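Novice: I have a structure here, written as structure tokens, and I will follow up with some questions on it.
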Amino acid sequence: MPVIAVVGANWGDEGKGKITDYLAREADFVVRYQGGNNAGHTIINEFGKFALHLLPSGVFYPKVINILGPGVAVNMSAFLSEIEKLVERGVPRPDVRISERAQVLLPHHVLFDSLEEERLGKESFGSTKSGIAPFYADKCLKIGLQVNELFDEPLMRARLAKALVQKNVVLEKLYGKPPLSVEQIVEQVAAVRERIAPYLADTTTLLLEAVDAGKTILLEGQLGTLRDPDHGIYPYPTSSSPLAGFGAVGAGIPPWAISRVVAVTKAYSSCVGAGPFVTELHGEEGETLRKRGGDAGEYGATTGRPRRVGWFDCVATLYGCRVQGATETAITNLDVLSYRDSIPVCTAYTLGGKATTAFPVSRMLDTARPVYEEMPGWKEDITAVRSFEGLPERARQYVLFIEKRIRTPIKWISVGPRREQIIMR
Ligand code: GDP
């Protein structure tokens, strides 16, 4: 059986959690390979409604081994409390392992994230303030801490002392805040270290052996192509690569083992945080779509912030699918559009007076204007439909129209937020 990456084709919030939860029933492993608890993967199944932040979306199946790979930002307290909350709500205690090579996201990363967003004011990036950017910056600066290193006290203290030399200058001089001490951080670490120990594992060996044994492994991406630091809308990306290609790196498996890439996209567009968004709707039209979108309106699963919404963007999604290397697509939230008489779909951008279907570099996006084609609406409740043939003719046309333009087979169509509300083609 294959290694399947489930990733976002757009700006994130495409419904990856739902699709991963659905596919996980046949998986042996579900692996998060990047990002941290800034994720908010909404899942509605027999246990209730959940927004998973750090835990992989396989945690509802007792047989699945859930892994946080070396590429993940591990906020230890957030991890422990997320598991406990799940168990309190009646979910069997999941099997979760954290790579001993993963690095820890510490309270001062959260502090720096908040202080910087505050300092930037109107220019802020719309960070979830979970500490993700400072965490990955420290990793690149080689002053981060791998989770195994927390158990080597002299090493940990020496690394923290090195990090604080520069951090305290910034804290005091730029933000006007009191400096941090090694002792303070060690105390914070000590409070959770022993509780995290049972979850640590050599997940690299575990996954390499699983690949050899032909086990089914799902790699679960966070956010989407357009938030990739290299391929996305720089300077508004996230701080780690949400691409399937990075799945091999962040999980620790051979690239050749990934044989399928499922790119998830919504039947319209949504985007949380700052950055260019060509099909964004403002005013009443946007407000209506926002209120009707998702399972309870388009509001961030982690922050509760209203998401920006717009019509489906074939230019961004074609690019998103191709950069991901999508072998197939899942389109979610088709049911949301049932209220429309007709539905605009962006099939090209006008840029410098010319139409293009190639996704341009970020700085050109502000001047790009969407070219819309109008599709007829179906005006029928489709939430109980379970086969492609069972969909109204116009809903099928809408899906086929998009499929042609994103040049990737649409294999799943999600018609409601719950696990069973899905059509396989
Ligand atoms: P993720 O981060 O990619 O997992 O996506 P989010 O959970 O942040 O956002 C997806 C939103 O769409 C959530 O509110 C889901 O409950 C909701 N959702 C997913 N699929 C469907 C669907 O087919 N129909 C509706 N109405 N909501 C859906």
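Novice: Treat each spin label as a single point 7 Å out from the Cα along the C-beta direction, and report the LEU120 to LYS404 distance in nm.
Specialist: Here the answer is 4.1 nm between the modelled labels.
Novice: Kindly list the residues of region 280-303 that lie in the label zone of GLU374, defined by a backbone N under 14 Å from the point 7 Å along the Cα-to-C-beta vector.
Specialist: none
Novice: Could you sort 351-363, 245-257, 325-337 so that the peptide with the highest average Cβ count within 10 Å comes first and the rest follow in order? Please report the intermediate quantities before stating the final value.
Specialist: Values: 351-363: 12.5, 245-257: 20.2, 325-337: 23.2.
Descending mean neighbour count gives 325-337, 245-257, 351-363.
Novice: Summing -39500 (n - 2.57) over the DSSP H runs of n ≥ 4 in the chain and dividing by its residue number, what mean residue ellipticity at 222 nm do you reach, to the nearest 500 deg cm²/dmol?
Specialist: Using -39500 (n - 2.57) per qualifying helix, the result is -9500 deg cm²/dmol.
Novice: Let me ask something else. Enter the accessible area of LYS266 (Å², nearest 10), with the probe set to 1.4 Å and all protein chains included.
Specialist: 10 Å²
Novice: Where nothing but the Cβ of Lys and Arg (+1) and of Asp and Glu (-1) is charged, how large is the charge dipole of region 99-214 around its Cα centre, in debye to the nearest 20?
Specialist: The dipole of region 99-214 has a size of about 460 debye.
Novice: Which shape class applies to region 259-392: rounded if a/c is under 1.5, otherwise prolate when a/b exceeds b/c and oblate if not, where a ≥ b ≥ c are the square roots of the Cα gyration tensor eigenvalues? Provide the component values of the computation, followed by the final result.
Specialist: Details: a/c = 1.42, a/b = 1.27, b/c = 1.12.
The shape class here is rounded.
Novice: Using only the heavy atoms of the protein chains and a 1.4 Å probe, how would PHE277, PHE125 rank by accessible area, largest first?
Specialist: Working: PHE277 20, PHE125 95 Å².
From most exposed to least exposed: PHE125, PHE277.
Novice: From the backbone phi of region 365-378, what are the Karplus-calculated ³J(HN,Hα) couplings (6.51 cos²θ - 1.76 cosθ + 1.60, θ = phi - 60°) in whole Hz, Gly and Pro given as x?
Specialist: The phi angles translate into 5, 5, 9, 6, 10, x, 9, 9, 10, 9, 9, x, x, 10 Hz.
Novice: If the convex hull of the alpha-carbon atoms of the chain is projected onto planes in all directions, what is the mean projected area in square nanometres?
Specialist: The directionally averaged projection comes out at 20.3 nm².
Novice: Another one. Provide the solvent-accessible area of ASP28, counting protein heavy atoms only and rolling a 1.4 Å probe, rounded to the nearest 10 Å².
Specialist: Accessible surface of ASP28 is approximately 50 Å².
Novice: Ok, one more. Whenever you get a sec, line up ARG305, ARG89, ARG290 from highest to lowest accessible area (probe 1.4 Å, protein heavy atoms).
Specialist: On the way: ARG305 65, ARG89 120, ARG290 35 Å².
Most to least solvent-accessible, the answer reads ARG89, ARG305, ARG290.
Novice: In square angstrom, what is the accessible area per residue of the chain with a 1.4 angstrom probe?
Specialist: Working: 17080 Å² over 425 residues.
Each residue of the chain exposes 40 Å² on average to a 1.4 Å probe.
Novice: Helix 283-292 versus the longest principal axis of the chain: what is the Cα-based angle in degrees, 0 to 90, to the nearest 10?
Specialist: 70 degrees
Novice: Taking 1 over the mean of 1/r across every pair of different Cα atoms in region 60-158, what Kirkwood radius in Å do you get?
Specialist: 15.2 Å
Novice: Looking at this model, which pairs from LYS18/LYS379; LYS63/LYS129; LYS122/LYS177; LYS139/LYS215; LYS139/LYS411 are more than 29 angstrom apart at the alpha-carbon?
Specialist: In this structure, LYS63/LYS129; LYS139/LYS215; LYS139/LYS411 exceed 29 Å between Cα atoms.
Novice: For the chain, with all protein chains present and a 1.4 Å probe, just round the carbon and sulfur fraction of the accessible area to a whole percent. Mind showing how you got there, number by number?
Specialist: Numbers: 9070 of 17080 Å².
Of all accessible area on the chain, carbon and sulfur atoms account for 53 percent.
Novice: Taking only C-alpha pairs under 8 Å that are 6+ residues apart, what is the relative contact order of the chain in percent?
Specialist: This gives 20 percent for the chain.
The values are calculated or read from the model by the stated rules, or taken from the named source; none is laboratory data. Note that this is a predicted model, so its numbers are computed, not measured. FYI the Cβ positions are ideal-geometry reconstructions off the backbone, even for glycines, and counts take in every protein chain you see. Ligands, DNA and RNA are stripped out before the accessible areas are found, and what is left, the full protein with its side chains, is counted by its heavy atoms. Shrake-Rupley method; radii C 1.70, N 1.55, O 1.52, S 1.80 Å.
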